[in-house]
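In what follows, a single structure is set out as C-alpha cells and then discussed.
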Amino acid sequence: MGQKVNPHGLRVGVIKDWDSRWYAREDKVGDLVVEDYNIRK
C-alpha cells in the first residue's frame with residue numbers, strides 16, 4: 001500500500017516557494033498562523 005503525499009507540500013522548497021516568510025518567537029507562532037490564514041482567506 002502506498003502513502004498519499006500532498007503534491008504542494010512535496011514541491012515546496014524545490015520547485016515552488018513557500019507561501020509565507022516570517023519568523024516569530026515560539027509563544028507567538030500560533031497567533032501568527034491564524035492571522036496569516038485569515039489574511040489569505
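No value in this document is a laboratory result; all are computed from the given coordinates. Note that this is a predicted model, so its numbers are computed, not measured. Quick reminder, even Gly has a Cβ in these numbers, built from the backbone with ideal geometry, and neighbours come from all protein chains shown.
Of all residues in the range 8-22, exactly one satisfies the criterion of being touching a helix residue (DSSP H, G or I) at 6+ places or on another chain (Cβ under 7 Å) and either of a type in the set (S, T, N, Q) or part of a helix (DSSP H, G or I) (or both), namely S20.
Close Cβ contacts (under 7 Å, 6 or more residues apart or on different chains) running from residues in the range 30-41 that are on the phi < 0 side of the Ramachandran plot to residues that are of a type in the set (S, T, N, Q) comprise D36/S20. For the range 23-41, the tally of residues that are part of a loop (DSSP other than H, G, I, E, B), of a type outside the set (K, R) and exposed (fewer than 11 other Cβ atoms within 10 Å of the Cβ) stands at 3.
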